[in-house]
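These notes concern the structure reproduced below.
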């Protein structure tokens, strides 16, 4: 299931009754985390899309497992009709805080057209309030339908500026998360570069997914350094478990993040080579023992 379809389904689930904490049974087995002590003081974030099936079945139990692994900062992907994973924002926030975690970011979004402008902006008015109540610093649109011309991209740049202005007025930071497609060209221009140039720095930031940057044929370090004032959050991602594919060089990525004055990042596991929670756990362990992660 792709991210857009997942978010649509999540909105439907969130509108219903929240699932009680009944345990996750055979969904996964927590096997214990190695060398946590070496990472003392590190705050590692997790995009909860990494455990999307589990979050759809048992929110309290899944959050408890995430806290037991050691994650401290959460990015959600389950907003719908004013609720997060079926819970009122303040209730979800308390559930996380009681487990020693903070909700710091959210993936939430809407497709846009001029005909739907009032409807879409009403969605954002309610959605941003919900993320604020949950404690979020960031509200990130994680995709957009890439059109065939640069003009179709410009429509979304203007849209993101409007959402960013609304978010700024409410005291939350709005941003956009890339996939590989944003490194394609339209009318001779790289889409992501065009988006950065045509969105207001005071209103729109960028969450660079470093894995999708590599898959898109670019060096994420180059982008982090080139747009140091715009790219302020990262998705740390690999083929599956962080650090195990050999295709991602995370040390210069983290060095660039810190050198440019930023610190926020979220692990995201989209593909699994082990049960999902074990992939999430081993990703955490890798970052804990990596000396380049502060």
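Numbers at a glance
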quantity: Rounded if a/c under 1.5, otherwise prolate or oblate - region 150-192, Cα gyration tensor axes; calculated: oblate
quantity: Sequence-separation-based contact order of the chain, relative, with Cα cut under 8 Å and 6+ spacing, percent; calculated: 20
quantity: Three-way shape label, the chain, alpha-carbon gyration tensor, a/c 1.5; calculated: oblate
quantity: Prolate/oblate/rounded label for region 29-181 (Cα gyration tensor, a/c 1.5); calculated: prolate
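None of the figures in this text is laboratory data; all of them are computed from the coordinates on show. All of these numbers come straight from a predicted model, not from anything done at the bench.
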